[in-house]
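The values are calculated or read from the model by the stated rules, or taken from the named source; none is laboratory data. Just so you know, these numbers come straight off a predicted model, no measurement behind them. Reconstructed Cβ throughout: ideal geometry from the backbone, glycine too, with neighbour counts over all protein chains shown.
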Amino acid sequence: MMLLSKQAFDTATRYIKKNADPINEAWYSYNFEEMPADDFMDVLAKYQYDNGGFGGLVYEYEYNGAMLHDTEHAFRYIFYLKEKLSADHPVIQKMMKYVLDRYIPGLGCWGELLEPEVNNFAHVPWWSYSGNETTNIENENERIKEYSANGQASFAAFVAMYSELVPQELYNDIIKYPIEKILRYYDEKSSLFRQSRTDKSHADEIAVPYNMKCFQHFVACLKDKPLAEKLSGILCQHPTDCMQLDYAKWEDGYEELPCDIVQTPDSVIYPAVKDLVDESLSYLIRQQKDDGAWHLTWHFGEGDAFRKLEQEYEMHLTMLILAELNRFERIKR
């Protein structure tokens, strides 16, 4: 099993120390310098607005106002903490109010994850505000069919993680949609298997990488363990459909390796794809550049504004990879 060498880790550390913003610097300190979780949360809180939403945590657009998409990224930090924060933590309390206030029962989800202002600044084309469609879908079966896990299932995961903060009826409504989506459209035993498509760039739901990322969070946070085990088994039926197994294609454009989909050994689908994930981690280690960073093999767009975003994204990407290698114990210490 290939490990990131001490020299390579030290080089990556220098790159992070030189280029990181406060949140990535704190994430490094939490993962590698024994920063207490409460101290990390103090830094994360600086990105939280008074309404409970977060901004400035996504490096694919310039706008830094409070948004659902940035708030989902805040949840990722919370999800990967080694210990669960108390529901009394002020960041959690404010964040939950923001999440619940923006839930749309008539859609079974949160709708548009961006704010209109994103379009006024440099942004990658795949993160553009397209108009917040809030027209209710009257038929529940249609709501389930149209449910996209992309981002949405991570909010459901946050709700499940801190269910004590959520009224029971609302909690049941929120978790119903990701549960039923998996049962109906991901289970090969279901008559509806593969009959849902919410992303036009993919043939069906199962092939969308970010869906699987978010569903892993959701299932891991469910307190109903028998149900979580059942859903995990379904997600393990076709786990490679959303993974790029041809590394050459990863080098040519935006693709997701097995280790991009499974980012922790605690993942509910890791046992089903362990060899593929471990192999791709070794490949990823070999892709580190001489400056210690992992760089994009493609571009956000043309011009100085996009290059600045790319540099910020590469800094963040390098930090995320270091943290993941650490979770898999793939760094020589």
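Restrict the check to the stretch 287-295 and report whether at least one residue is in a helix (DSSP H, G or I) and modelled with pLDDT of 95 or more. Within the stretch 287-295, not a single residue is in a helix (DSSP H, G or I) and modelled with pLDDT of 95 or more. Would you please name the residue that is modelled with the lowest pLDDT, looking only at residues in the stretch 198-215 that are of a type outside the set (Asp, Glu), surrounded by 15 or more Cβ atoms within 10 Å (Cβ to Cβ) and outside any helix (DSSP H, G or I)? Applying the filter and picking the extreme gives HIS202.
Every residue in the stretch 1-57 that is part of a loop (DSSP other than H, G, I, E, B), at pLDDT 95 or above and under 21 Å from ARG327 (Cα atoms), please. Result: MET2, LEU3, SER5, ALA20, GLU33, GLU34, MET35, PRO36.
Scoring GLU310 on the criteria (1) under 30 Å from LYS82 (Cβ atoms); (2) in contact with a Phe, Trp or Tyr (Cβ under 6 Å, 6 or more places away or on another chain) leaves a single failure, condition (1).
Is it true that some residue in the stretch 131-141 is over 30 Å from GLU310 (Cα atoms) and in a helix (DSSP H, G or I)? Yes, the stretch 131-141 contains at least one residue that is over 30 Å from GLU310 (Cα atoms) and in a helix (DSSP H, G or I). Would you call PHE300 within 19 Å of PRO265 (Cβ to Cβ), assigned by TED's automatic domain parsing to the domain that holds TYR254 and of a type outside the set (Gly, Ala, Ser)? For PHE300, the condition - within 19 Å of PRO265 (Cβ to Cβ), assigned by TED's automatic domain parsing to the domain that holds TYR254 and of a type outside the set (Gly, Ala, Ser) - is not met.
Per-residue answers, yes or no, for (1) among the hydroxyl-bearing types (Ser, Thr, Tyr); (2) touching a helix residue (DSSP H, G or I) at 6+ places or on another chain (Cβ under 8 Å); (3) in contact (Cβ under 8 Å) with a residue 40 or more places away in the chain; (4) closer than 15 Å to GLY151 by Cα:
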site	(1), (2), (3), (4)
TYR185	yes, yes, yes, no
LYS189	no, no, no, no
ARG194	no, yes, no, no
VAL208	no, yes, yes, yes
ASN211	no, yes, yes, yes
PHE218	no, yes, yes, yes
LEU227	no, yes, yes, no
SER232	yes, yes, no, no
